[in-house]
Amino acid sequence: MAAPPANHVGAIGVVGLWHLGSVTAACLADAGYTVIAVDPDEAVVERMARGVPPVSEPGLPELLERAAERLRFSSEAGALANVERAWVTFDTPVDDDDNADVDWVVEHAARMLAPLASDALVIVSSQLPVGSVARLQERCASERGSDDLRFACIPENLRLGGALDAFRSPERFVVGARGERDLAEVSELLAPFEAEIESMRVESAEMTKHALNGFLATSVAFINEIATICESVGADAGEVSRGLKSERRIGPRAYLAPGDAFAGGTLARDISFLRDLADRYALPDDVFAGVANGNAAHKGWAQRKLLSLLAARGGERSERPLAGATIAIWGLTYKPGTDTLRRSSAIELCRWLCSAGADVRAHDPAVAQLPDDLADAVTLCQTPLAAASGAAALVISTAWPEYREVAAGAVVDALAQPLVIDAAAFLQATLGVERRLRYAHVGSADQAVSTSAEAIS
């Protein structure tokens, strides 16, 4: 990583300190910049000042400690008085239907940016719908009584569990700027990270984020629908995926691995933004609606698989095959490398299993406490095998590397029935080859799901 430009003057403000903001602040400080990081939540600020980030991210606590002398934290907007550059990094709140609370971000950002120096440059990275930078500029002008701030956009491009590498060693930065002066200043700010800059107008940068996540979401929904057809016709979706990725027009890094539906809010949020934009301008949204509907339907794959494979438990078909059954869940977090449970598909599965009368036992290496509504309903176990003990089925929900270390024979011995449901085939190399286990994953040719979608509603 290169050193900051020699003519670097003054501190950089970072506004909003959840995942995006904590990573941004730490990486900028580690690059040599003085960072004043602010957030209206005093509890978040207090934890960050102690080097405790609000969301688990590998390497982030160590980075905060290493760069501590260049980091300042505050819950007061006045901490940014006369700062000449600020980076808006609020994580945008999203409800259960993937609707983003844009007003919350704009109002809080405008208030925290009010003390900036005249002619300061504001960079917006919060995940917001196209047009939000212009909206924030108007709100700041109203708050300050003068339209004297300059605005640019660098769309957020972090991934939970790999955010530090994504920020410090990106393939490129997409930068939306209004004029050569602003572009030059952003480019100078990003110089320590030695990445190519893809420059464009601000609204194009905002739209690029929607288009990118929309494309990735479409790829996920597409391959999962292909996979469900594969289950019925004797094809293997993993082999089909390999055939697609070997096509040069698609490529090996395409989002075409059969498995879970996308969750967590990032991809779904941009699909929602695109549908809202189409509705606002009276344009068709058939593709985006299809992606959302297809993904929503695929979220029920594990439920349908469990109902199908456990329906004849004990030799008799049951109308409530999960009632009284012990089901083990390995992994509860949204993805490995983090401790966040928000929008986790595993948590949604736990709720559904409990409502179906199942006894749920779960393990996750990063989770010490369950959400309040599951605290008494789900048994949180200390080890993976303890969760699997006596279970009628084991569901692999989060791809924690630790689970690859559990011997297949030990899993067979622990389970009451040798059944493993692993949507993304994460443990195929260890459990999938164990002949005593019935191992089901999305798109497997010999594990068709026969239960209708209506059965899980």
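For (1) closer than 26 Å to residue 365 by Cα; (2) over 23 Å from the mean Cα position of the chain (by Cα); (3) modelled with pLDDT under 95; (4) part of a loop (DSSP other than H, G, I, E, B), each residue gets a yes or a no:
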| position | (1), (2), (3), (4) |
| --- | --- |
| 57 | yes, no, yes, yes |
| 61 | yes, no, no, no |
| 64 | yes, no, no, no |
| 73 | no, yes, no, no |
| 79 | no, yes, no, no |
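Here's the yes/no breakdown for (1) part of a loop (DSSP other than H, G, I, E, B); (2) surrounded by 14 or more Cβ atoms within 10 Å (Cβ to Cβ):
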| position | (1), (2) |
| --- | --- |
| 96 | yes, no |
| 106 | no, yes |
| 110 | no, yes |
| 117 | yes, yes |
| 143 | no, yes |
| 148 | yes, no |
| 161 | yes, yes |
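For residue 451, the conditions (1) modelled with pLDDT under 95; (2) outside any loop (DSSP other than H, G, I, E, B) are fulfilled apart from (2).
Taking residues in region 187-200 that are within 13 Å of residue 176 (Cβ to Cβ), and partners anywhere that are open to solvent by less than 10 Å² (accessible area, probe 1.4 Å) and small (Gly, Ala, Ser), the pairs with Cβ atoms closer than 6 Å and at least 6 places apart or on different chains are 200/176. Taken over region 252-280, the criterion of being of a type in the set (Val, Ile, Thr) and open to solvent by 20 Å² or more (accessible area, probe 1.4 Å) is satisfied by 266 alone.
Would you check if there is a residue in region 370-385 being β-branched (Val, Ile, Thr), within 30 Å of residue 223 (Cβ to Cβ) and surrounded by 14 or more Cβ atoms within 10 Å (Cβ to Cβ)?
Looking through region 370-385, none of the residues is β-branched (Val, Ile, Thr), within 30 Å of residue 223 (Cβ to Cβ) and surrounded by 14 or more Cβ atoms within 10 Å (Cβ to Cβ).
Checked against (1) surrounded by fewer than 18 Cβ atoms within 10 Å (Cβ to Cβ); (2) modelled with pLDDT under 95; (3) assigned to a helix (DSSP H, G or I), residue 242 passes all but a single condition, namely (2). Residues that are closer than 21 Å to residue 12 by Cα and either assigned to a strand (DSSP E or B) or open to solvent by less than 20 Å² (accessible area, probe 1.4 Å) (or both) within region 119-141 comprise 120, 121, 122, 123, 124, 125, 126, 127, 133, 136, 140, listed in sequence order.
Suppose we filter 152, 166 for residues that are surrounded by 17 or more Cβ atoms within 10 Å (Cβ to Cβ) and assigned to a strand (DSSP E or B); which single one remains?
Answer to the selection: 152.
Considering only residues of region 81-94 that are of a type outside the set (A, V, I, L, M) and open to solvent by less than 20 Å² (accessible area, probe 1.4 Å), which is modelled with the lowest pLDDT? For region 81-94, the residue satisfying everything is 92. Listed conditions (1) open to solvent by 80 Å² or more (accessible area, probe 1.4 Å); (2) at positive phi are all met by residue 287, apart from (2). In region 261-285, the residues that are under 30 Å from residue 332 (Cβ atoms) reach residues that are assigned to a helix (DSSP H, G or I) and basic (Lys, Arg) with C-beta atoms within less than 7 angstrom, at least six apart or across chains, in these pairs: 270/209.
Tallying residues that are of a type in the set (Val, Ile, Thr) and not in a strand (DSSP E or B) within region 169-186 yields 1.
Of all the numbered requirements in (1) at pLDDT 95 or above; (2) over 29 Å from residue 342 (Cα atoms); (3) surrounded by 20 or more Cβ atoms within 10 Å (Cβ to Cβ), residue 178 misses one, and that requirement is (3). Taking first residues from region 399-411 that are at pLDDT 95 or above and partners that are open to solvent by less than 30 Å² (accessible area, probe 1.4 Å) and of a type in the set (Phe, Trp, Tyr), the Cβ contacts under 6 Å between residues at least 6 apart in sequence or on separate chains come to 403/330. Applying the condition of being in a helix (DSSP H, G or I) and under 20 Å from residue 131 (Cβ atoms) to region 187-203 and asking which residue is least open to solvent (accessible area, probe 1.4 Å) yields 202.
The values are calculated or read from the model by the stated rules, or taken from the named source; none is laboratory data. Note that the coordinates shown come from a computational prediction; the quantities given were computed from them, not determined experimentally. Glycine gets a Cβ as well: all are built from the backbone with ideal geometry, and neighbour counts include every protein chain shown. We work out accessible area using only protein heavy atoms, side chains counted, and drop any ligands, DNA or RNA first. Shrake-Rupley method; radii C 1.70, N 1.55, O 1.52, S 1.80 Å.
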